[in-house]
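Structure first, then comments.
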Amino acid sequence: MATVVACVFLYAFWMLNAVENAESDPDIVLEKIVPVPSLDAELLAKTRDKTRRDRLQRDTEPLRHLLGKSIDVGPSVAAALQIPADMVPVEDLREDIDEWRHRWLWYEGRLTQLSGPHKGHPIDGYSIYEAVLELPDGNSVMTAYSVKPKDELKVGDWARIEGYYFKLRDLTYPSKLDKVPMLVGRTIERDFEDWPKITELDPAMFAGMDDSSYWPTDLPAHTVEEDQTEILWHLGAYVRDTADERTLAQWRKVEPLSTAEPYDRLKDGKVGRGEPMRIFGTLIRRSTIAAPANPANIKFWTAAWLQVHSFGGHLIPIWVPKKVDELPMQAQLEVRGFYYRWFVYDGKSERYKVPLFVAADLDLFELDTNETMKDIGLWLGGIITILLLVIFWSQRRTAKSAMQHSRHMDERRRKRREQGLQAATDGGTSD
């Protein structure tokens with residue numbers, strides 16, 4: 001038992017030491033804190049929307065303030081602002097305005113109105129645009145934004161908006177709308193019709209994909225925020241939609257990324273895109289972004305870094321198509337991932353090229369307790385049995401030796417008494 005306990009402590013010490021001496025850039029090891037815009041509560045308190053007259057007004061000063069603050073809100077900042085995973089029902093925004101006011105929200109629907117550019121933006125070089133969406137439930141939401149979308153949008157297109165919940169508005173032209181929630185954001189995006197469940201990978205999707213370059217301006221250095229393409233959406237939807245098809249026992253038969261052999265196969269191009277592989281490691285960093293509009297209906301991406309001790313201590317990136325924020329740092333994970341492409345990052349002394357995987361979740365490493373405890377029980381049972389046999393044999397041998405010694409001493413005492421009596425008898429006879 002002392003040996004077992006000593007081994008556990010040695011292993012724990014080795015693991016902690018390995019984490020502390022990770023050959024990686026400190027910027028990667030430490031979990032980043034994403035700064036969020038600081039809003040002027042005193043200025044925003046001038047917002048009015050209790051009466052129809054209030055709702056017909058734009059409240060120019062608070063609107064300009066939110067337009068200026070939202071201009072730099074991208075997916076990472078939106079996630080830090082705790083953008084909800086689902087659209088908040090419009091009725092909730094109407095009934096509890098103060099609870100939701102100035103929260104960063106999102107909606108998708110059919111464009112019914114577009115206007116702009118208008119003057120009055122607080123930042124030079126930008127204009128104010130406005131749009132109204134009709135949601136699938138028949139309600140409407142409007143938005144004011146600063147950046148003209150990349151894709152040309154027109155009335156009737158499906159679009160997505162994000163922004164701070166500003167106020168309720170009433171509109172009279174070109175159509176009459178009452179108590180419409182208004183968001184103030186950065187831009188508006190074209191949205192997509194949702195794909196059905198992806199249960200099989202399409203090889204044509206990966207055809208011609210080249211990620212062999214080491215240069216940071218090319219694909220291998222792209223972060224999850226920069227790599228929002230149809231290829232990634234397809235693989236992300238596949239790993240999410242097929243997550244329940246493999247049991248843990250089946251996954252345990254999948255090759256782990258733990259030796260030189262899988263790395264050689266990856267390097268030689270013998271591992272196909274989407275091929276499953278297990279990755280055992282320590283969670284070093286985790287960050288989440290709000291996903292842009294996509295046909296896979298992925299709302300969030302979590303980018304995690306695992307230090308794989310059996311793979312030279314290298315950091316392996318894992319991208320998960322959902323929000324994963326409950327795991328503590330340095331948790332021991334067994335990730336069931338699918339190979340996506342190569343990834344390049346700069347460490348303290350050199351540049352590393354490592355495989356990048358997409359996984360449905362970040363799973364804690366759990367021992368197969370039944371088999372493990374059975375093995376431990378057999379070993380401990382055998383050791384205890386041997387120890388008992390040794391103790392029993394030793395005790396029996398000691399008892400036998402003590403008995404022989406006691407008999408020997410009794411025999412010696414008996415002989416001495418006989419010799420003493422004999423001497424006494426001989427002395428009396430002489431007299």
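Given H placed 1.01 Å from N in the peptide plane, which residues other than close sequence neighbours of residue 275 have an amide H under 5 Å from its amide H?
Result for residue 275 returns 339.
Where the only charges are on Cβ atoms (+1 Lys, Arg; -1 Asp, Glu), what is the dipole of the chain about its Cα centre, to the nearest 20 debye?
The dipole magnitude comes to about 1600 debye.
Counting other C-beta atoms within 10 Å, which of 413, 186 has the fewest, and how do the rest follow?
Ordered from fewest to most neighbouring Cβ atoms within 10 Å, 413, 186 come out as 413, 186.
Among 62, 161, 116, pick out the residue whose Cα is farthest towards the positive end of the charge dipole of the range 56-190, where Lys and Arg carry +1 and Asp and Glu carry -1 on C-beta, about the Cα centre.
116
Just tell me which lysines come within less than 17 Å, Cα to Cα, of residue 46; anything on the same chain fewer than 8 places away is out.
In chain and number order, the partners are 69, 167.
Mind checking the angle between helix 60-70 and the chain's longest principal axis? C-alpha axes, 0 to 90 degrees, to the nearest 10.
The two axes meet at around 40 degrees.
Just want the ordering: 128, 97, 384, 316, from fewest to most Cβ atoms lying within 10 Å of their own Cβ. List each step's numbers first, then the result.
Details: 128 20, 97 17, 384 11, 316 23.
Neighbour counts put them in this order, fewest first: 384, 97, 128, 316.
Could you go through the range 110-116 in sequence order and give the Karplus-derived ³J(HN,Hα) for each residue, using 6.51 cos²θ - 1.76 cosθ + 1.60 with θ = phi - 60°, rounded to whole Hz, and x for Gly and Pro?
Rounded to whole hertz, the list is 8, 5, 10, 9, 9, 8, x.
Given Cβ point charges of +1 (Lys, Arg) and -1 (Asp, Glu) and nothing else, what value in debye, to the nearest 20, does the dipole of the range 195-369 about its Cα centre take? List each step's numbers first, then the result.
Working: 20 positive and 26 negative charges, 40 e Å.
Once rounded to the nearest 20, the dipole reads 200 debye.
Classify the range 195-369 as rounded, prolate or oblate from the Cα gyration tensor: take a ≥ b ≥ c as the square roots of its eigenvalues, call it rounded if a/c is under 1.5, otherwise prolate when a/b beats b/c and oblate if not.
It comes out rounded by the Cα gyration axes.
So which trypsin sites (Lys or Arg not before Pro) in the range 39-148 are both in a DSSP loop and have at most 12 other Cβ atoms within 10 Å of their Cβ?
Listed in order of number, the matching sites are 46, 50, 119.
May I ask which residue of 104, 144, 88 lies farthest towards the positive end of the charge dipole of the range 56-190, with charges of +1 (Lys, Arg) and -1 (Asp, Glu) on Cβ and the Cα centre as origin?
Working it through, the farthest residue towards the positive pole turns out to be 144.
Please report the spacing between the Cα centers of the range 89-162 and the range 229-304 in Å, no decimals.
Answer, in whole Å: 34.
What does the C-alpha gyration tensor say about the overall shape of the chain? Classify as rounded when a/c is under 1.5, otherwise prolate if a/b is larger than b/c, or oblate.
prolate
Angle between the Cα long axis of helix 369-430 and the longest principal axis of the chain, 0 to 90 degrees, nearest 10?
Helix 369-430 sits roughly 20 degrees off the main axis of the chain.
Using Cβ contacts closer than 10 Å as the measure, can you line up 223, 229 from fewest to most?
229, 223
Could you pull out the GluC sites (Glu not before Pro) across the range 281-358 that fall in loop regions by DSSP (anything but H, G, I, E, B) with no more than 12 other Cβ atoms inside 10 Å?
Within the range 281-358, the qualifying GluC sites (Glu not before Pro) (loop, at most 12 other Cβ atoms within 10 Å) are 326, 350.
Show me 398-406, 289-297 ranked by packing, highest mean number of other Cβ atoms within 10 Å first. Provide the component values of the computation, followed by the final result.
Values: 398-406: 10.0, 289-297: 20.3.
So the peptides 398-406, 289-297, ranked by packing, come out 289-297, 398-406.
Determine which lysines satisfy two conditions relative to residue 253: a Cα distance under 23 Å, and not lying fewer than 8 residues away in the same chain.
267, 270, 374
Does the range 56-190 come out rounded, prolate or oblate, given a ≥ b ≥ c as the square roots of the eigenvalues of its C-alpha gyration tensor, rounded meaning a/c under 1.5 and, failing that, prolate meaning a/b above b/c?
In terms of gyration-tensor shape, rounded.
Taking chymotrypsin sites (Phe, Trp or Tyr not before Pro) as candidate sites, keep only those in a DSSP loop with at most 15 other Cβ atoms within 10 Å, then name the longest stretch of the chain containing none of them.
Within the chain, the longest run free of exposed chymotrypsin sites (Phe, Trp or Tyr not before Pro) spans 1-213.
No lab work stands behind these numbers, since they all come straight from the coordinates. What you are looking at is a predicted structure, and each value in this text was computed from that prediction instead of being measured. We place every Cβ from the backbone using ideal geometry, glycine too, and count neighbours over all the protein chains shown.
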